[in-house]
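Asker: This is the structure I want to talk about, given as structure tokens.
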Amino acid sequence: MTDTEVKKILDIDEDEKLLPLVLEILPGHAAEGLIGIYEPGSYEGKSLRKLCDRTLNKKNLSIEEQLIVEDITRQLEGGKLLSRGQEIEGTALEYAVSEQTEAGEKYLYVPIRAIKPQEGGWDWGVN
Amino acid sequence: MKQLLDSDLELVVESDFIYMPLLFDPEIEKEIQILESEKPLGSPGKPESKSIIAFEGKHFVKALNLHSFINNYEAIDAHSYHRFRNECLRKYRLTREVDGHFLDETLRTILFRIMPYFIKKNKVFNRKKVSDEGILDLIGEKIDIPGKYYIEAITFGDLNALKEILKELENQKPLFQMPENGLHSGPKLRDWLRKAIHAKVLADEQHRIIKSLQIREQFRQAKPEHIAVLLYLADAGAMEIDGFGFTRNNAVKGEYLIYKRTGDYILKDYYARSYLFPDCRIAVSTYTPYRPFVIEKYKHPFLLGHKAGQEICMKNFVPSNEFTAENVIRTLEEGLTAMRYGYNGRQRNGYHSLDEMWVHIPTTTFEDYRI
């Protein structure tokens, strides 16, 4: 699965919608981000943005997680949350893909990047 | 000078200076006579050195200082110096420059401070800091390291072997003796030069061996697998994991290019049509200017042309003037973000627009990327 896909991801089966949801908010182009895990029944019907806010406001973070949140916060100063190359809107299921742990436990995964814009080049003034 | 040393000419060594034979010429003869009438020539062996000396009825002119010649030989004749140096290192089995890389702070910064940001380190969902040893384990898992490095790692840990070489060097170190005053043939001086360069190299390398022993003492507790990874990196000078990589810059000693791949990505034009851009490597060097650029031949609205090594056109970006892990990460991120997310189809920001504008300047076109 690449970020190049324009259409939102809807390739999960009906029964997979009962899986736990793993949300990962990655600062910039980092390989690892802050993880939020939501049990079935706790995330359906909630917007992805709301779940992101909840993940970012988690308490009792480890030092590593606190550093990741600092990075995310820095990126979000004028930046935005993107998933699959698009600004997030709608529900988590619209962006989720089914994955499984090494132990074979299935879950739904949504990667979200906090990206601070870098508008390279210059503005031609044509709109 | 090299031609003179290769010739059959006889040269005079006097007070650590080489004197070259003065060509017979009536004009020179006259000048010598004037000099001789003004100031009598000293005889060879006197401490004060003259510009022109007479020896066995021939005149010789002062050419160069031997100490200076040896000390600057690398600059004077790099090819010949390196030939002598390699000859000497091979003789004493010191050809590999592994130890230097073990203390290479730039490489350590890349491996243990920059790379962890861009690669997946944790197999589970908890986020914890990975130690330097953990990073080396990860490299060992993800990179196919040839078996010979594991064998060499065991040798590396054997300090006795190196101590033996050091002892051998101390005993066999050729003495750096200046040639005696008097006439010397070119080949004889060349032979002396070779010995002098060997002595210089050994003196330099002896220091390195002592240092090398200290380094290896530091790594004595390290696992052989970790040593094998470092030996491999010292040799290869390049590595890539999860789209993050680095490559040693052979043109500038001790410097690297650090890069992160963009992966394929899509940009949209003014009419929301999609263009699929191929993967490329966004890089920053470990020496100034610390500006992000694309390694490959590539085209993009933020690149002026369609060629390799182009700097990315950035807005409000001031490159740092210091090499730190933090600065490299930020610079790579700025470059990646600009390329993947910076182009705005509505604003057509950049050197080029994806779609052809009403006043179209035929520069770079992107029609072949349209999907």
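The values are calculated or read from the model by the stated rules, or taken from the named source; none is laboratory data. Everything quoted here is computed from the prediction, not taken from an experiment. Positions of Cβ are generated from backbone atoms using ideal geometry, with glycine treated the same way; all protein chains shown enter the neighbour counts. The area values use the complete protein model at the heavy-atom level, side chains included, leaving out ligands, DNA and RNA. Shrake-Rupley method; radii C 1.70, N 1.55, O 1.52, S 1.80 Å.
Asker: What is the Cα coordinate range of the range B:310-371 on the first, second and third principal axes, sorted by size from largest, in whole angstrom?
Answerer: Ordered largest first, the range B:310-371 gives principal extents of 44, 23, 21 Å.
Asker: Further question: Please report the buried accessible area for the interface of B with A, total over both chains, probe 1.4 Å, in Å² to the nearest 100.
Answerer: Working: alone 20990 and 8290 Å², together 25840 Å².
The buried area between B and A, both sides summed, comes to about 3400 Å².
Asker: Taking each pair of distinct Cα atoms in the range B:221-335 once, what is the resulting Kirkwood hydrodynamic radius in Å?
Answerer: For the range B:221-335, the Kirkwood estimate is 15.8 Å.
Asker: Rounding to the nearest 10 and keeping the result within 0 to 90°, find how far the Cα-based axis of helix B:132-142 lies from the longest principal axis of chain B.
Answerer: 70
Asker: For the range B:202-248, what class follows from the C-alpha gyration tensor (a ≥ b ≥ c being the square roots of its eigenvalues): rounded when a/c is under 1.5, otherwise prolate if a/b is larger than b/c, else oblate? Please report the intermediate quantities before stating the final value.
Answerer: Numbers: a/c = 4.02, a/b = 1.70, b/c = 2.37.
Verdict is oblate for the range B:202-248.
Asker: Need one number: convex hull volume per residue for the protein assembly as shown, Cα atoms only, in Å³.
Answerer: Details: hull volume 118.1 nm³, N = 498.
Convex hull of Cα atoms, per residue: 237 Å³.
Asker: Above 11 Å lies some portion of the pair distances; for the range A:69-108, what is it as a whole percent of all C-alpha pairs? Each step should come with its number before you reach the end.
Answerer: Details: 566 of 780 pairs.
Of all Cα-Cα pairs in the range A:69-108, 73 percent lie more than 11 Å apart.
Asker: Dividing the alpha-carbon Rg of the range A:3-115 by 2.2 N^0.38 Å yields what?
Answerer: Here the Cα radius of gyration is 1.02 times the empirical estimate.
Asker: Per DSSP helix of 4 or more residues, -39500 (n - 2.57); summed, then divided by the residues of the protein assembly as shown. What does that give at 222 nm, rounded to the nearest 500?
Answerer: Numbers: 16 runs with 178 residues, N = 498.
One gets -11000 deg cm²/dmol as the mean residue ellipticity at 222 nm.
Asker: Ok, one more. Before I look further, what does chain B give for accessible area per residue, probe 1.4 Å, in whole square angstrom? Walk me through the numbers before you get to the answer.
Answerer: Working: 19360 Å² over 371 residues.
About 52 Å² of surface per residue is accessible.
Asker: Could you give the size of the charge dipole of the protein assembly as shown about its Cα centre, using +1 on the Cβ of each K and R and -1 on the Cβ of each D and E, expressed in debye and rounded to the nearest 20?
Answerer: Details: 68 positive and 78 negative charges, 95 e Å.
Charge dipole, the protein assembly as shown, about its Cα centre: 460 debye, nearest 20.
Asker: With the Cα gyration tensor of the range B:105-241 giving a ≥ b ≥ c as the square roots of its eigenvalues, does the rule (a/c under 1.5 for rounded; else a/b larger than b/c for prolate; else oblate) give rounded, prolate or oblate? Don't jump to the answer; show the numbers that get you there.
Answerer: On the way: a/c = 3.55, a/b = 2.76, b/c = 1.28.
In terms of gyration-tensor shape, prolate.
Asker: Tell me whether chain B comes out rounded, prolate or oblate; compute the Cα gyration tensor, take square roots of the eigenvalues as a ≥ b ≥ c, and use a/c under 1.5 as the rounded threshold. Don't skip to the answer; put the middle values down first.
Answerer: Numbers: a/c = 3.99, a/b = 1.78, b/c = 2.25.
Verdict is oblate for chain B.
Asker: Let me ask another. Along the Cα-to-Cβ line of A:ILE63, 7 Å from the Cα, sits a label point; which residues in the range B:107-135 have backbone N less than 13 Å from it?
Answerer: Inside the label zone: B:128-131.
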